[in-house]
1. Sort out for me the helices (runs of 4 or more DSSP H) sitting completely within segment B:165-274 that have 3 or more residues that are free of Cβ contacts under 8 Å to residues at least 12 places away in the same chain.
2. Need the failing condition index for residue B:343 against (1) buried (at least 18 other Cβ atoms within 10 Å of the Cβ); (2) within 14 Å of chain A (Cβ to nearest Cβ); (3) within 23 Å of the chain's Cα centre (by Cα), just the number.
3. Spot the failing condition for residue A:53; the list is (1) modelled with pLDDT under 90; (2) more than 14 Å from every other protein chain (Cβ to nearest Cβ), and only one is missed.
4. Show me the helices (runs of 4 or more DSSP H) entirely contained within segment B:62-154 in which 3 or more residues are free of Cβ contacts under 8 Å to residues at least 40 places away in the same chain.
5. From A:17, A:83, which residue is surrounded by 18 or more Cβ atoms within 10 Å (Cβ to Cβ), within 25 Å of residue A:146 (Cβ to Cβ) and modelled with pLDDT under 90?
6. Suppose the filter is on the phi > 0 side of the Ramachandran plot and either in the same structural domain as residue B:251 (by TED's automatic domain parsing) or modelled with pLDDT under 90 (or both); does residue B:497 pass it?
7. Within 14 Å of chain A (Cβ to nearest Cβ), crowded, with 18+ Cβ neighbours inside 10 Å and either touching a residue at least 12 places away in the same chain (Cβ under 8 Å) or under 21 Å from the mean Cα position of the chain (by Cα) (or both), is that true of residue B:491?
8. Looking only at residues that are more than 18 Å from residue A:33 (Cβ to Cβ) and in contact (Cβ under 8 Å) with a residue 60 or more places away in the chain in segment A:99-128, which one is surrounded by the fewest Cβ atoms within 10 Å (Cβ to Cβ)?
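The values are calculated or read from the model by the stated rules, or taken from the named source; none is laboratory data. What you see is a predicted model; the values in this text were computed from it and never measured. Here Cβ is always computed from backbone atoms with ideal geometry, including for glycine, and neighbour counts include all displayed protein chains.
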């Protein structure tokens, strides 16, 4: 069992399995830090739009930000509820960036005992393309990494 | 927040531009230019000796101030910070237009012409400064990332395209605008409404959510990413649906920008036909302009046709947003009312008013005589630019008189008679007849030369319109390189799910059907 677990997620289906594993792996009374990375590809979602007025683009950006915010909040609230049921101290950190780089950086900011994350989505399953688990990640992490199997 | 970054980047950009100007002025890069000209005259010498000097000076001055000056929050800081990004795009555009694209042309020419196409590989693939500029932009954003100091300016590249469209308004004749406008309303009306309807129909059959159907139909039907951005909040699309749709549109758009000019070249399409096809068949509006300039890099006739189609699309956009808003409310069983007025006002493309204003000003003769055609006009008086020394000389009139009996048509003989009596061409109709005689080569080569000189002496180019053409070329090149810098592989990679399947079907059908319609129904000129 581990006292301070870092749960890394960016809202994918695989991350849900990691949530359950993190909660069951963390010692009662221990700390669960939830790092939620919003992938930076969302910043490029206005693409090469040039026909719209600035107000339309602003409205789109605000709408997208709000919708993503709602999804992140729902996700964090679910993990928070489950963590509290297990008497864990729940903290969250929400960051925008490249999932792999953010995780490497964040893992060095506190004394975590273990990092838990979900496994990549199988090719046959639809979903957004944003890898967190990369070769570089496994080389750079300073602490053990546990990968939860993809939910079947 | 202070937007201006204290870096020497802009100063260095300015120095590079000034170095280009200095090296050209002193002839130090003459061997390089000779190599790029491949035995002909290097075509951009005029630009090399002016543009880098003007913009290099501005960039150097602002560069020193950005680097060493004190910056405070405010509107001035926000707008002046964009100069760095703007100059960054401009430098890339200069390098690609003056050096990289000509080098690709030299390499392409060295392979010889491809089969019986009569074209070199770079011409066939449309590898000119426009396409290469967009590709360079895409490479920069995805491989190196846009530097922080340039981000604000890169976002401003849209302004370049909009200004280009506004200036373009000065180049159309009333007849062109009427004919192209009518054609584009027919084509866009049919294909836009058709694609929106088909996407909604397929979506219903495949049981996709209404929000996804709404956003996808706008993106695939109207003007790609711009329509998706406008419609997504109205139909309450989920982030994943937006990502799928925009990814699919961007991949299609970039692929079409390369494929359309190749197909157009292989089919030998006219500028009008290609402009109409690109304006209808390419999903994303930015790539319509890109493909048009890729097809005709040294002229703007194709762009003029394609942009009329783009303008028609963007004018239809508020209508489609309204339609989809009402459709969504009905399908979802909501009771909220759609505010027609606010939707139309919010989505109306203001820059189109600028285009209309420029066209209206152009018809008053403020830029060129009202009867000009793309900046060229007829004028046989001194006030209109005719030079008295161009009047026919006695020996020239004698030669024309002696050969007049070779012509059988009486009306053409009358034209020559008027030319002989007045020493110059007297009307546009006479000028057209003289051009016909020149092309027919009925008279001797000497007489034909006299007629050619007489024709040229009454045909003038409006300097303002010529300047507009130069500016339009640069504004579009600048804007497209900047837009290339906003196409991320990360967003393209999100293409997937139902949008990829439906988008693939609709995108292909639209491109193929519009090609058939254009080849069968659109004449080679307007």
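1. B:174-205, B:239-267
2. (3)
3. Exception for residue A:53: condition (2).
4. Of the helices (runs of 4 or more DSSP H) lying wholly inside segment B:62-154, those with at least 3 residues that are free of Cβ contacts under 8 Å to residues at least 40 places away in the same chain span B:75-95, B:101-110.
5. A:17
6. yes
7. yes
8. A:125
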